[in-house]
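For reference, the structure is listed below as structure tokens.
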Amino acid sequence: MPDLDIHYEDPDILVINKPAGLLSVPGRGEEKYDSVQSRCQEIAPEAMAAHRLDMATGGLLLIAKHKIAERHYKQEFAARRVGKRYIALVHGILAQTNGDIHYPLITDWERRPRQKIDYVHGKSAHTSYQVLAEENGNSRVALTPHTGRSHQLRVHLAAIGHPILGDEFYADEHLSSAPRLMLHAETLTATNLHGIRQTFHLAAPF
């Protein structure tokens, strides 16, 4: 039995509690084969991730168990019909308790896999945030990405001066010393193959 924390399973999907530090899908090379997707394929040989979380991010990851489910859920994600909410611990106290961040993003090719803000060539990116609590001079925030750009939440929070704690790419060294990236995929809401809207929820472990 593969080492997986299965949050939910039905004939079409697996919803996995992905641990921080494990890839969503295999990378290039044998040493990067181990991932949520490859482990799920030990249960369902056709299993494919319908979306991805950064390696450093933990939380809910939806895996399709067969091709029809894969096509359906990938279309749902691509059309932005899937609701997503993340919880993060960020540096400092935000001036406003809620707001929206709009910064276009592009790959920082010289420093991959980092992303950067680029007003000329970047793709539009939109994140909503809500402060939930203040903790020891930092803030616990709920984040809703309305677009799905790579590293979007991490770049956006850093850009407004409140990087996510434990972020090795976008936080200063003294802030990146947290035990992990303090970012967790808490809630997923998606329509299944039968037209039923399902919500999956998993509280942050930090």
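The values are calculated or read from the model by the stated rules, or taken from the named source; none is laboratory data. What you are looking at is a predicted structure, and each value in this text was computed from that prediction instead of being measured. Here Cβ is always computed from backbone atoms with ideal geometry, including for glycine, and neighbour counts include all displayed protein chains. These accessible areas exclude ligands, DNA and RNA; they are computed on the full protein's heavy atoms, side chains included. Shrake-Rupley method; radii C 1.70, N 1.55, O 1.52, S 1.80 Å.
Please state the shape class of the stretch 85-183: rounded when a/c is under 1.5, otherwise prolate if a/b exceeds b/c and oblate if not, all from the C-alpha gyration tensor.
oblate
I want to make sure I understand the PRE zone here: with the label point 7 angstrom from the Cα of His126 toward its beta carbon, which residues in the stretch 98-116 have backbone N atoms less than 12 Å away? In the stretch 98-116, the label zone of His126 (backbone N under 12 Å from the point 7 Å along Cα→Cβ) covers 100-103. Listed cross-link partners Lys84/Lys123; Lys67/Lys123; Lys18/Lys74; Lys32/Lys65; Lys18/Lys65; Lys67/Lys116 are compared with a 24 Å cut-off, the Cα-Cα value being larger for Lys67/Lys123; Lys67/Lys116. For the chain, relative contact order (Cα pairs under 8 Å, six or more residues apart, normalised by length) works out to 19 percent. For the chain, the 222 nm mean residue ellipticity estimated from helices alone, with every DSSP H stretch of n ≥ 4 adding -39500 (n - 2.57) and the total spread over all residues, rounds to -3500 deg cm²/dmol.
Solvent exposure of the stretch 56-135, expressed per residue, is 56 Å² of accessible area, with all protein chains present and a 1.4 angstrom probe.
Under 16 Å from a point 7 Å along the Cα-to-Cβ line of Ser38: which residues of the stretch 3-26 have their amide N that close? Backbone N within reach: 3-4, 19, 21-26. The loop-placed trypsin sites (Lys or Arg not before Pro) in the stretch 24-120, going by DSSP, that have at most 16 neighbouring Cβ atoms within 10 Å of their Cβ come out as Arg28, Arg80, Arg81, Arg114. Between Glu173 and Arg80, what is the FRET efficiency for a Förster distance of 35 Å, r being their Cβ-Cβ separation, to the nearest 0.05? Efficiency, from the Cβ-Cβ distance: 0.50.
Out of the total accessible area of the chain (probe 1.4 Å, heavy atoms of protein only), what percent is carbon and sulfur? Write out the running numbers ahead of the final one.
Values: 5170 of 10690 Å².
Carbon and sulfur atoms account for 48 percent of the accessible area of the chain.
Among the chymotrypsin sites (Phe, Trp or Tyr not before Pro) in the stretch 61-141, those located in a DSSP loop and surrounded by at most 11 other Cβ atoms within 10 Å of their own Cβ are Tyr119. Here the stretch 154-187 and the stretch 113-139 have alpha carbon centers that stand 10 Å from each other.
Give me the number: length gained by fully extending Arg197 to Gln96, i.e. 0.36 nm times residue separation minus the C-alpha to C-alpha distance, one decimal in nm. Show your work: numbers first, answer last.
Numbers: separation 101, 0.36 × 101 = 36.36 nm, distance 3.22 nm.
The Arg197-Gln96 span can extend by a further 33.1 nm.
Springs join every pair of Cα atoms under 10 Å in this Gaussian network model of the chain, and among Gly195, Gly83, Gly99 the largest mean-square fluctuation is at Gly195.
Among Ala79, Ala69, Ala178, which one shows the highest mean-square fluctuation when the chain is modelled as a Gaussian network with alpha-carbon springs under 10 Å? Of the options given, Ala79 has the highest mean-square fluctuation.
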